[in-house]
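Report on the structure given below.
The values are calculated or read from the model by the stated rules, or taken from the named source; none is laboratory data. The model shown is predicted, which means the values in this text are computed figures rather than measured ones. Cβ placement follows ideal geometry from the backbone for every residue including glycine, while neighbour counts extend to all protein chains displayed. Heavy atoms of the whole protein, side chains included, go into the accessibility calculation; ligands, DNA and RNA do not. Shrake-Rupley method; radii C 1.70, N 1.55, O 1.52, S 1.80 Å.
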Amino acid sequence: MKVTKYSGELVHYDEQKLINSLKKSGADQAMAETIVKEIESEMYEGISSKKIYKRAYQLLKNISNVHAARYNLRTALLGLGPAGFFFEKFIAKVMQEQGFKTKVSVKLNGKCISHEIDILLLKNDIVSMIECKFHSGQDAKSDVKVPMYILSRFNDVKDRKYDLFSAKRNISKCIIVTNNKFTTDAIQFGECSGLNMLSWDYPQKNGIKELVDRYRVYPVTCLTTLTKAEKDQLLILDCITIKDLILHPDYLKTIELSHNRIKNVLKEANQLTN
């Protein structure tokens, strides 16, 4: 059977790939196989991968909100758009979990022009800059023009000293982050130019999806017990991750959730971080 991808390309349906994605969300083998069997009974030639994903999410949610939240992570990252500012804040949170000090949206004068740097990092006395490329469509990829452009920005600031993190420092590393994927040429150019690259699935076994699971730093947009409007309200309040929500549960009162709903949201949040 053929499946239509987000890009419109027809590919062969891969049952094992679907089972693996369900198991990565926390479902056991029996649960994953039950869900896949239900989906396959409803499938037809040319069905979209989006429909398969939505159906899998619905069936998973009927069993476990937490499994559904993890399964929904990539879509949840899209919920940090459309401008991408909240995605930048989220990536800063991911870096903080790894022991970095961070600054978001920093204006610096380069050798030639001024720049607004998305994120600055400090660890082991090394300052790195992060430039984020946010895509609001799930199938969009960052091509080679992205690292080429960002390399030119990095070259304009790397030879100057700035007052950063309470000292005069150089920016010695550059990291490019996207919520989706890089093209092969983009990765090849970035690696050849000494740039670090981070995407949904790159580096292998150390991409965004692995980092989020490893450090339990899930965005609030993945919660299944909140509506999209409520998630957007939390983002505006600077409540970016589930850990932010657990530390400041009064945010849920601010957006006027009932006592019972607050209880359910916090239950899901705590289960995700444990």
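The table below gives the values:
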| read-out | value |
| --- | --- |
| Prolate/oblate/rounded label for region 137-274 (Cα gyration tensor, a/c 1.5) | prolate |
| Segment ARG160-GLN29, length gained on full extension (0.36 nm per residue, minus Cα span) | 41.7 nm |
| Projected-area average for region 39-142 over all orientations - Cα convex hull basis, square nanometres | 9.6 |
| Size-normalised alpha-carbon gyration radius of the chain, reference 2.2 N^0.38 Å | 1.09 |
| Volume of the Cα convex hull of region 94-206, divided per residue and given in Å³ | 110 |
| Debye log10 I(q)/I(0) at q = 0.17, 0.20, 0.29, 0.32 Å⁻¹ for region 115-168, Cα point scatterers | -0.66, -0.83, -1.29, -1.41 |
| Rough spin-label spacing in nm, given labels placed 7 Å along Cα→Cβ, for ASN109 and TYR44 | 6.5 |
| DSSP bridge pairs, region 131-274: antiparallel proportion in percent, nearest 5 | 40 |
| Exceeding the 31 Å Cα-Cα cut-off - candidates LYS103/LYS209; LYS145/LYS209; LYS50/LYS158; LYS123/LYS228; LYS181/LYS231; LYS93/LYS168 | LYS50/LYS158; LYS123/LYS228 |
| For the chain, calculated [θ]222 nm from helices alone, where every DSSP H run of n ≥ 4 adds -39500 (n - 2.57) | -13500 deg cm²/dmol |
| Neighbour count of at most 16 Cβ within 10 Å plus DSSP loop: longest GluC sites (Glu not before Pro)-free window in the chain | 46-255 |
| Residue-normalised accessible area of the chain, given per residue in Å² at a 1.4 Å probe | 52 |
| Fraction in percent of alpha-carbon pairs per bin - 5 Å, region 143-213 | 3, 16, 24, 18, 16, 13, 9, 1 |
| Computed label-point distance, nm, for sites LYS54 and ASP185 using a 7 Å Cα→Cβ extension | 3.4 |
| Sequence-distant residues sharing a close amide H with SER48 (under 5 Å, placed H) | THR4 |
| Relative compactness, region 77-124, computed as alpha-carbon Rg over 2.2 N^0.38 Å | 1.29 |
| Zero-based 5 Å bins, Cα pair distances in region 204-274, whole percents | 3, 17, 30, 24, 13, 7, 3, 1, 0 |
